[in-house]
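Take a look at the structure set out below.
Values quoted throughout were computed directly from the atomic coordinates according to the rules given, and no laboratory measurement underlies them. Because the structure is predicted, anything quoted here is derived from the model rather than measured. Reconstructed Cβ throughout: ideal geometry from the backbone, glycine too, with neighbour counts over all protein chains shown.
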């Protein structure tokens with residue numbers, strides 16, 4: 001019965017591209033930044049918060065924001081996944097994976113062939129998900145002071 005409830009709840013999650021300045025996006029990002037500040041050894045300062053040349057996806061469950069992720073273009077063919085987060089009460093239901101897949105689809109539509117991302121060493125759940133989803137660890141590609149792992153995935157063209 002618990003599995004059926006989980007599947008029904010997961011099916012109710014809707015994804016939408018929104019402005020990172022919307023109230024729901026700001027609340028989601030504030031929760032994400034707060035969690036990072038607690039989990040990271042040296043705290044966390046979000047800086048500019050959202051890339052100016054990208055898209056922001058919000059996951060909602062029954063109208064409430066429960067996850068987010070951003071996509072920004074690094075160059076013509078390379079994009080970067082930023083600000084991936086799922087609310088604690090929605091974890092284990094595939095929210096992050098669905099957000100990631102949506103960002104990958106948006107990247108393909110934009111002509112991006114390679115996606116990169118970075119993550120902190122304490123975010124072992126994120127690292128495991130990225131590996132499961134076909135991201136491979138690469139050398140440092142940016143100067144993010146909070147990153148310890150860098151990943152990349154070559155996107156298959158849509159058929």
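Side notes on the structure shown:
- Directionally averaged shadow of segment 38-97, computed from the convex hull of its alpha-carbon atoms, nm²: 5.6
- Modelled label positions at residue 154 and residue 78, each set 7 Å beyond Cα in the direction of Cβ, lie 1.5 nm from each other.
- Residue 114-residue 142 pseudo-label distance in nm [points 7 Å out on the Cα-to-Cβ vector]: 1.5
- Computed E for residue 21/residue 101 - FRET, C-beta separation, R0 30 angstrom, nearest 0.05: 0.80
- Per-bin percent of Cα-Cα distances, the chain [10 Å]: 10, 40, 39, 10, 1
- On full extension, the segment bounded by residue 39 and residue 12 gains 6.8 nm, given 0.36 nm per residue less the C-alpha separation.
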